[in-house]
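Data block below; observations after.
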Amino acid sequence: MSDSLFTSVDQHLSALLAPEDDALLHALQAMKDAGLPFIQVSPSQGKTLQVFARSCRSKRILEIGTLGGYSTIWLARALPEDGKLITLELDEKNADVARSNIAYAGLSSKVEVITGNALRTLERLEKENTAPFDLCFIDADKEPYTEYFQSCLRLSRPGSLIIADNVVREGEILNAESTDEKVKGVQRFARFLSECSKVTASIIPTVGEKGYDGMAVVVVN
Ligand code: SAH
Ligand code: DHB
Ligand code: MG
C-alpha cells in the first residue's frame, strides 16, 4: 500500500463519481491565478458533502471557511431552487475570488459570502435568531473548532448535520505531545464530541489525494 495507490484510487473514484465540470475547474484555476493555497476539499470530498446535504434535504446550509468557494459550489448544488447557503470567510481577497467563482457557477442567488472573523459573524447570526441550518460545514481555522461547533449547535435543530473537515491530520490526533495549535484544536474538538450528549457523532478517516485525514459527521439529537 502506498500514497500513490491511494491517490490513484481517489482519482479513479473522482473521475467516476465526482467529475469536475466547467464551473468547478474554473474555480480552481481562478484560485490558482489569485495565489490562494491549494487546500480545498478534493472532488470526492466535495461530492460527499453534496450527498450529505441532499440526504437531509438541506434548504439552509452554513459553511465556515470559504477560501475560493470550491466546497461552496459542491454544497450549493445540493440546494433546491429556494435554498440558501451562507459561507463565512475572514480574508477579503479569498471572499472576492469566491464570489466571482460562485457567480460563474450561476449560484449567486443562493449563496451569500460574509467576510469577517467567523466567531463574530456566528455571534451575530445567533443574536438575529436566524432560521436553523439543516447542514453546517466547519472548515476554517482549526484552533476554535470547538467554539464553531458549539455555535453550529445553537444554529441547528434536531436532525441537522454538522460536518467538520481535517480532524485526523495525518494521524497527529494521536500525538498527545503535539504543540501544533491546529492539532490541539482538533484534539480538543474530538474530546468535546465524545462528551457531548446533544449529538450522535462519528469521525470518518479519509485517505486520498489530500493525504490521510478525516471528517467528523455529527447529527443533532
Ligand atoms: N472550505 C474550503 C476551504 C477552506 S480553507 C474548500 O474546501 O473549498 C480555510 C479558510 O478559512 C481560509 O480561506 C481562511 O482564510 C478561512 N479562515 C481562517 N480563519 C478564519 C476565521 N477566523 N473566520 C473565517 N474564516 C477563516
Ligand atoms: C488547511 C486547512 C484546510 O481546511 C484543509 O483542508 C487543509 C489544510 C490548513 O490550514 O493548512
Ligand atoms: Mg479543510
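Coordinate-derived values only; no laboratory data. Computed from a predicted structure; not experimentally measured. As a convention, Cβ positions derive from the backbone with ideal geometry for all residues, glycine included, and neighbour counts pool all protein chains shown.
Cβ distances below 4.7 Å define possible disulfide partners, and in the chain the cysteines left without one are C56, C196. Per q in 0.16 1/Å, what log10 I(q)/I(0) does a Debye calculation on the alpha-carbon atoms of the range 13-73 return? Taking Cα atoms of the range 13-73 as identical point scatterers yields -0.54.
When 1/r is averaged over all different Cα pairs and the result inverted, which Kirkwood radius in Å belongs to the range 134-185? Working shown, then result.
Details: mean 1/r = 0.0840 Å⁻¹.
About 11.9 Å for the range 134-185.
Residue pairs exceeding 25 angstrom between C-alpha atoms, taken from K47/K127; K59/K210; K142/K210; K110/K184; K127/K210; K127/K198: K47/K127; K59/K210; K110/K184; K127/K210. By the beta-carbon count within 10 Å of each Cβ, the least crowded to most crowded order of L155, L13, fewest first, is L13, L155. For the range 99-163 and the range 180-210, compute the distance between their C-alpha centroids and round to whole Å. Comparing the Cα centres of the range 99-163 and the range 180-210, I get a distance of 18 Å. Binning all Cα-Cα separations of the range 122-221 at 5 Å, short to long from zero, yields these whole-percent fractions: 3, 13, 24, 24, 18, 10, 6, 2, 0. Volume per residue for the chain equals 124 cubic angstrom (convex hull of Cα atoms).
Largest mean-square fluctuation among D96, D21, D141, in a Gaussian network model of the chain whose springs join Cα atoms under 10 Å apart, belongs to D21.
The helix-only estimate of mean residue ellipticity at 222 nm for the chain, built from DSSP H runs of length n ≥ 4 each weighted as -39500 (n - 2.57), is -13500 deg cm²/dmol after division by the residue total.
With the convex hull of its Cα atoms as the shape, the range 86-125 has an orientation-averaged projected area of 2.6 nm².
Please report, in debye to the nearest 20, how large the charge dipole of the chain is about its Cα centre when each Lys and Arg carries +1 at its beta carbon and each Asp and Glu carries -1 there. The partial results should precede the final answer.
On the way: 24 positive and 31 negative charges, 166 e Å.
Its charge dipole is roughly 800 debye.
Taking the Cβ-Cβ separation of S197 and K127 as r and a Förster radius of 22 Å, what is the calculated FRET efficiency to the nearest 0.05? Present the calculation step by step, with values, prior to reporting the outcome.
Numbers: r = 26 Å, r/R0 = 1.16.
The calculated FRET efficiency here is 0.30.
Using the Karplus relation 6.51 cos²θ - 1.76 cosθ + 1.60 with θ = phi - 60°, the per-residue 3J(HN,Hα) values for the range 183-189 come to 4, 4, x, 7, 5, 4, 5 Hz, with x marking Gly and Pro.
Sort the range 98-175 into rounded, prolate or oblate with this rule: let a ≥ b ≥ c be the square roots of the eigenvalues of the Cα gyration tensor; rounded if a/c is under 1.5, and if a/c is not under 1.5, prolate when a/b is larger than b/c, oblate otherwise. Oblate is the answer for the range 98-175, as a/c is 1.5 or above yet b/c matches or exceeds a/b.
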